[in-house]
Each structure stands twice: as C-alpha cells, then as structure tokens.
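Q: One structure follows; several queries about it will come next.
The values are calculated or read from the model by the stated rules, or taken from the named source; none is laboratory data. Keep in mind the model is a prediction, meaning the values are calculated, not measured. Reconstructed Cβ throughout: ideal geometry from the backbone, glycine too, with neighbour counts over all protein chains shown.
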Amino acid sequence: DTTVTVGPAQLGFTAVAKSLADIVAVPAGYSVTVLYRLGDPIAANVPAFANNGADTNFALRAGDHHDGMSYFGMAATGNAPDATNSTRGLLALNHENITQAYLHPNGASGMGSGGVRPEAEALKEMECHGVSVIEIVRGAVGWSYVPNSGFNRRVTPLTPMSFSGPARGTPQLRTRHSPDATTGRGTINNCANGTMPWQTYLTNEENWAGYFRRDAGDAAIRSAAAAAKENVSLARYGIREGAGGNYKWTSVTPADAASTVYARWNATAAKDQPADGSGDFRHEPFQFGWVVEIDPFDPASTPRKRTALGRMNHEGCQIGRTITGVRPAFYMGDDAQNEYIYKFVSVTPWTAADASAASRLAVGDKYLDAGTLYVARFNADGTGQWMPLVFGQGPLTPSNAAYAFADQADVLVNARLAADALGATRMDRPEWTAVNPTTGEMYCTLTNNSSRTAAGTDAANPRAYSDPKSTGGATSGNANGHVIRLRETGDTSEATSFAWDIYAFGAGSDLDATNINLSGLDGSNDFSSPDGLWFSLPSNVAGQTTPVLWVETDDGAFTDQTNCMLLAAIPGTVGDGGTKTVVNTLGGASSSVTIRIGKAPGTTLRRFLVGPKECEITGIHSTPDGRSIFVNIQHPGENGSPANITSNWPYNQSGTAAAGNRPRSATIVITKDDGGVVGF
Ligand code: FEO
Ligand code: CA
Ligand code: CA
Ligand code: CA
C-alpha cells in the first residue's frame, strides 16, 4: 500500500512527558510490542528462558544489553533480500555488555580481589556479548521473531573473524592463535552500527580495552623486546599495568593453556615467549577496536574486520549519501572524553548495481578495504578540515619523533596517535553519527564530558559548567552534551573541508537560559546526554520528503527528573541560527566563547518515548515504509541485583509483573494504531 500521503513537514504527535515510571511510554495513538528479550531462544530445542540465573547456552539465545540495530527487508518467501519489504526481514543487533549480577543465581562469584571465576559463569558472560541476527515477521497479530529460522545467528567473542584491509597480516596483530595475523576470534562491546546499502551490517567495537588484564612488569618486558611503542599505544588506548579485566575472565582455572578461551584476555607479555607475539596474547588488544562487517543473509559467513577504517573506541559507522560516480563517505565517532570524529572515503566511486549484488562481503571489500581515513578539525570561524591519516604525509612518517610511524598499517592500528600528531579537535565524547538523506549534512552526538574545563572550551565544545540538578553521570564540565553537524564543501562526500554549527544543546529546561539551556528547550523536548542518532526517510511512501532525526539519550545528569528517552526532530540546516556568546566559569576560570548554533528547535523537536527505570534508549531503525520503528531498551534496572531487583521491565509492559521478575534488555517495535508512518 503506497497510498498514504505524508505532509506537511511537521511532527504529528503530542510530546510525551518526562517520567520516572518503570514503563515504556509513547504518544497517544501508538503501541509498543516487546519483540526480542535477553535469553529468548533462537533455535529449536533450546528451553524457554527461566531468568533465574540458571539458564545456559547463550550462543543460541539473545544476548544482553541490546544496542545498535539494523532492519534488512527480505522477500516474502525464500532467502533473497528485498529492501522494500516492510513485513518480513532480518534484524541485526548488538549486545554491547552485560548486567552481570542478573545472569547468575545469586550474582557473580569470584569477583573479589584474588577471586577465581567459575568457568561456566565466565563462558556465559562472554556469550552474552556480540551480535544477534534474527528473522522477524509482521503477521495478523503484529510483529514476532521466528524462533527456529535458519537465518538466526549469534556472533560472540568466540566467533572466527578475518582481518581485511591494510592492517591484515601486519605483525602487530600476530598472536598465538593467529600466527599470520590474518584471523582472530570474536567481537566485543559492540555499540552502534552501520547499515550498508548492499545489505550488510556493520558492528563496532567500543569499550573493548576494559576486558583486558595487564600485569605489572609488562611494559618492561616489551621495552626489553624493542617494542616500547606498544607501551605508548596501550597507554593511549587505556590498557594500563594493574588492570584486572572487567569480569576477571583470566582467573578461570585450571588455566586453559590449550583452548586459550580465557587466557587470551591477559595482554601481559610472557618473558619466555617470542617478542613477535606468536607465543602469547600480548597483541590480543590490537585485534580489537575495529569496524566489523557481517552478512546477515549468510549465517555461515565469516565476519570481516575492516582495518582501513582505523582502530579506536568505535561507536557507529554510518554511510552518507550514495551517488553514482561519487566516492562514498563513512562517518565515525571515537567515544571517549576528548577523542575525535573521523570519516573514511572509499577509493571506489559508487555503483548503484552494488546495492543488489549477490556477493555482499565482496562489495564490502570494494568500498571498505581501500580509501582514505580522515580526522576532523573544527575551526572557531565555523569552517573545518578533514585531515588525512595517510602514511608518509605530514607528520605520519618514520621520522616522527614521538611515534615513528612505520607504514599505513601502523597508522591505522594507532589511529589515535596519528590523529594526535595531526592536531585534530578533541571533542566532548563523540557517539553516533547520522546523515540527512536529503541534504547530506552529517550530525554527531557529543554525549557529555566531565573533564571539559572553562579554560579548555573551544567553539565546537563550548560549555563547561556545574549542573546544579545532576544526580550522576557528568555533573560538571559539559554535563548535558550537544549535537554538532557539518555540511561538506560542495555537498559532496569527497570533500576535505566543511562548514559546521551546533544543532542543539542538551539541558534541563529549568537550567540557566543564558549559558546552559542555549537551545531554549522546554518541558516537551528537554533532554540530556544525546547518544543514539538516526535519520528516517520512508522510501516507499508517496509524498514523503521530510527526513526525521531521531535522538536517543544515555544519561546520568537528568535522572532526577526523567528516565532516558527518544526524541524526534525535523532539523533545519547548518548556519540557520546565527551566533551567540557563552560565558563559562567552572573552576573559577572564566571563558567567553562565540558559538554557531542552530535555530531554536521549538516544536520541531519533541519527546517521543520515555523508557523504564535505569535504562538507556539505544538502537533505532525502521521498516522501509516507516510504519514500524525498532528501538532497544538497554539494561533496565542495571543498578539492581537478584537480592534487590530495581525494575520489572518488560514483564510489566503488557500484563502483570511479579516482584521477582528480573529485568531484561529487549527490542521493542512501535507502530501507529491507524497504520500510518511513525512520527507524523
Ligand atoms: Fe556504547 Fe558510546 O556508547
Ligand atoms: Ca552509545
Ligand atoms: Ca553513551
Ligand atoms: Ca549503556
């Protein structure tokens, strides 16, 4: 049915109020269906999820902490992709992390100092990470997943991977498990995503560093082996001596010297092993921090780690507009305080026929393995540059005094060091990127930054203040975050310069309107800590020409007033709001910054959804007709434990929850009761 006409270009729902209730709230006229929860079986003969800590076999169940997500339409019958189908498809989604306590009968064992983790607990925790691919269908009674579909797949930290691009085979990736440095095992802490027009899924490794143990004395062993640069790199990526690893998986005994399932998380160089890394796991941290491509339509395929896109805390990786004959761009944030925004431009111009090619990972090879990685510098005058991370150019040479870059693989493995050398702009924690499909403008969430000081502000990161209402998260610095956007010169993905402004600043509507609530947010649209970001533009609805920007929050600073939320916006364009001056006084220092700010959003930005207690709202995609929106509710009740359950979601979303029901991360589907396009 393509008869629905949408327009004029304004949002068509009543804003949802801020809320601390333990429920997903949506506007009047909309419905929520819970689709896919932690522990749900994805194969025949896997028992229903008991949710009492005794469940096993998570390689055939939904993992935890649902995050970035893409819908891929497929033909009504058979196995072929059909990007226009809105009633049958594959849903690929990330399982970023775990709420450890709820996975075991009475919380986790052996987490204390000197503790030993039970092997079954460690294996379960690993398998709860990674990615799900599931078949979903819209039938007479709404959406459901197909529990025994042959397409269902779990990718976990144990799944075989192959490396591609310039760093494939580089000695820095050599481990005992991969002596030729071309393969690896698994993916972890997969945060945001990318939806490729050739029907593949990008999953991105974010806070992988925290899983590694590194013992005192490691740096000395590496220095003695003439690998001192590894120490510089490990420190720059946050792997310090004394780290025990988030979940202490290396404590599993007996030590698994043969299988190395647990030992691989110990990055400490063994004194008696070769300096090239072939005898231990000193190089295992270099196997993580990559963008990974998965073909959801081929469950037997081996995912590919795309090294041309650089190594960092990858949040998301979204492709910009694809125009025949023009080289496409892929926009990425490195999510840590004071890190950078990157883009990768393929060497190959776009060919429309690739969108329907049968060999999808080969198309990925074509666009993702060769090209130029750039990092962004934002100038105070509203211009900016994309600076190339190309070996041999500028400071990226062997004679660089600090980093002595050896080759392009070295530049990519140590992308942060290269970006430092180039003098990129340190941002307030870059999270998701999204590209307006009509204008090509790129938006990026800067979620917050507790280390931004008044003296350290700049035009692109202009706020440093104390949030008087904050109950957690970033209480000072840029406590509430903002959304920056840029317009490429000539409106082409190939550009090496751009113009930029700040679309909107997060803030409670009760905060200082002169220096904090700069976008004039009110009770219908105030938000904090923007994170998930995505543009929808229903492609097969007549009359639909207005893309909607969806903004999701992951907040600690606003939780005195509301749980995390999803907002919808019809944004303007770079430069539409002029300039303002902000005065910051944090820490006694004073700074005055001229900012470029988008037009005050007013009613073009509205709260669409509020989630249950202690959750993050993340992951968003829709069917091509725009009538079903998929959203993830991540870690409801995350501060609780089996002895102190703090949320009963999703049991209470439809029906009655028992007090003992442990909360579960889950994918939901939102539809409009009149069958229309969501948001209008
Ligand atoms: Fe996984 Fe940056 O959020
Ligand atoms: Ca995020
Ligand atoms: Ca976040
Ligand atoms: Ca989270």
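Q: Would you check if Asp673 is farther than 28 Å from Trp432 by Cα, touching a Ser or Thr at 6+ places or on another chain (Cβ under 8 Å) and charged (D, E, K, R)?
A: yes
Q: Report yes if Gly110 is assigned to a loop (DSSP other than H, G, I, E, B), in contact with a Lys or Arg (Cβ under 9 Å, 6 or more places away or on another chain) and either outside the structural domain of Arg306 (by TED's automatic domain parsing) or at positive phi (or both), otherwise no.
A: Yes; evaluated as a whole, the condition is true for this residue.
Q: If a residue has to be assigned to a loop (DSSP other than H, G, I, E, B) and not small (Gly, Ala, Ser) to count, how many in segment 432-452 make the cut? Break it down into steps so the answer makes sense when it comes.
A: Here is the first cut: in segment 432-452, the ones assigned to a loop (DSSP other than H, G, I, E, B) are 436-441, 447-448, 450-452.
Adding the requirement that they be not small (Gly, Ala, Ser) leaves 436-439, 441, 447-448, 452.
Residues flagged as assigned to a loop (DSSP other than H, G, I, E, B) and not small (Gly, Ala, Ser) within segment 432-452 amount to 8.
Q: Scan segment 328-342 and tell me whether some residue there is farther than 20 Å from Ala419 by Cα, more than 14 Å from ligand 1 (Cβ to nearest atom) and in the same structural domain as Thr170 (by TED's automatic domain parsing).
A: Yes, segment 328-342 contains at least one residue that is farther than 20 Å from Ala419 by Cα, more than 14 Å from ligand 1 (Cβ to nearest atom) and in the same structural domain as Thr170 (by TED's automatic domain parsing).
Q: Quick check: anything in segment 534-548 within 16 Å of ligand 4 (Cβ to nearest atom) and in contact with a strand residue (DSSP E or B) (Cβ under 6 Å, 6 or more places away or on another chain)?
A: Of all residues in segment 534-548, those within 16 Å of ligand 4 (Cβ to nearest atom) come to none.
No, the conditions are met nowhere in segment 534-548.
Q: Within segment 179-234, considering only strands (runs of 3 or more DSSP E) that don't extend past its boundaries, which have at least 1 residues that are within 16 Å of ligand 2 (Cβ to nearest atom)?
A: By residue number, 190-195, 201-205.
Q: Within segment 431-445, which residues are within 19 Å of Leu567 (Cβ to Cβ) and either within 14 Å of ligand 2 (Cβ to nearest atom) or of a type in the set (S, T, N, Q) (or both)?
A: Matches in segment 431-445: Glu431, Trp432, Thr433, Ala434, Asn436, Cys444, Thr445.
Q: Follow-up. May I ask you to verify whether Ala404 is assigned by TED's automatic domain parsing to the domain that holds Thr579, part of a loop (DSSP other than H, G, I, E, B) and touching a helix residue (DSSP H, G or I) at 6+ places or on another chain (Cβ under 8 Å)?
A: Considered against the rule, which asks whether it is assigned by TED's automatic domain parsing to the domain that holds Thr579, part of a loop (DSSP other than H, G, I, E, B) and touching a helix residue (DSSP H, G or I) at 6+ places or on another chain (Cβ under 8 Å), Ala404 comes out as yes.
Q: Now a separate question. Given the criterion β-branched (Val, Ile, Thr) and more than 15 Å from ligand 4 (Cβ to nearest atom), identify the matching residue among Ile645, Ile633. Before the answer, list the steps.
A: Working: Ile633 fails: more than 15 Å from ligand 4 (Cβ to nearest atom).
One residue alone meets the criteria, Ile645.
Q: For the structure I just gave you, tell me whether Ala122 is away from ligand 3 (no atom under 16 Å from the Cβ) and in contact (Cβ under 8 Å) with a residue 12 or more places away in the chain.
A: Yes; evaluated as a whole, the condition is true for this residue.
Q: Still on this structure: Could you say whether any residue in segment 484-504 is out of contact with any helix residue (DSSP H, G or I) (no Cβ under 9 Å at 6 or more places or on another chain), of a type in the set (Gly, Ala, Ser) and within 16 Å of ligand 1 (Cβ to nearest atom)?
A: So far as segment 484-504 goes, no, none of its residues is out of contact with any helix residue (DSSP H, G or I) (no Cβ under 9 Å at 6 or more places or on another chain), of a type in the set (Gly, Ala, Ser) and within 16 Å of ligand 1 (Cβ to nearest atom).
Q: For residues in segment 71-97 being outside any strand (DSSP E or B) and surrounded by 24 or more Cβ atoms within 10 Å (Cβ to Cβ), which is farthest from the chain's Cα centre (by Cα)?
A: Asn97
Q: Now, a different point. Mind telling me which of the residues Ala455, Ala513 ends up being more than 16 Å from ligand 4 (Cβ to nearest atom) and in contact (Cβ under 8 Å) with a residue 24 or more places away in the chain?
A: Details: Ala513 fails: in contact (Cβ under 8 Å) with a residue 24 or more places away in the chain.
After applying the criteria, what remains is Ala455.
Q: Just one of (1) crowded, with 19+ Cβ neighbours inside 10 Å; (2) more than 23 Å from the chain's Cα centre (by Cα); (3) among the acidic types (Asp, Glu) trips up Asp458, so point out which.
A: (1)
Q: Looking only at segment 180-217, count how many residues are without any contact (Cβ under 8 Å) to a residue 40 or more places away in the chain and within 16 Å of ligand 3 (Cβ to nearest atom).
A: Looking only at that region, the number is 1.
Q: Still on this structure: Is at least one residue of segment 541-548 in contact with a helix residue (DSSP H, G or I) (Cβ under 9 Å, 6 or more places away or on another chain) and assigned by TED's automatic domain parsing to the domain that holds Ser86?
A: no
Q: So if I check each of Gly477, Gly440, Gly472, Gly508, which one is within 16 Å of ligand 4 (Cβ to nearest atom) and under 25 Å from the mean Cα position of the chain (by Cα)?
A: So the residue among Gly477, Gly440, Gly472, Gly508 that is within 16 Å of ligand 4 (Cβ to nearest atom) and under 25 Å from the mean Cα position of the chain (by Cα) is Gly472.
Q: On to the next question. Of all the residues that make up segment 112-133, how many are more than 23 Å from Glu315 (Cβ to Cβ) and within 27 Å of the chain's Cα centre (by Cα)?
A: 5
Q: Another one. Please name all residue pairs, on different chains or six or more residues apart, with Cβ atoms under 6 Å, provided the first residue is in segment 61-78 and is farther than 16 Å from Pro157 by Cβ and modelled with pLDDT of 95 or more and the second residue is among the charged types (D, E, K, R) and surrounded by fewer than 24 Cβ atoms within 10 Å (Cβ to Cβ).
A: That search, which allows pairs on different chains as well, returns Gly73/Asp82; Met74/Asp82; Met74/Arg88; Ala75/Asp82; Ala76/Arg88.
Q: What are the residues in segment 526-551 that are surrounded by fewer than 24 Cβ atoms within 10 Å (Cβ to Cβ) and in a loop (DSSP other than H, G, I, E, B), if any?
A: Scanning segment 526-551 gives Leu537, Ser539, Asn540, Val541, Ala542, Gly543, Gln544, Thr545, Thr546, Pro547.
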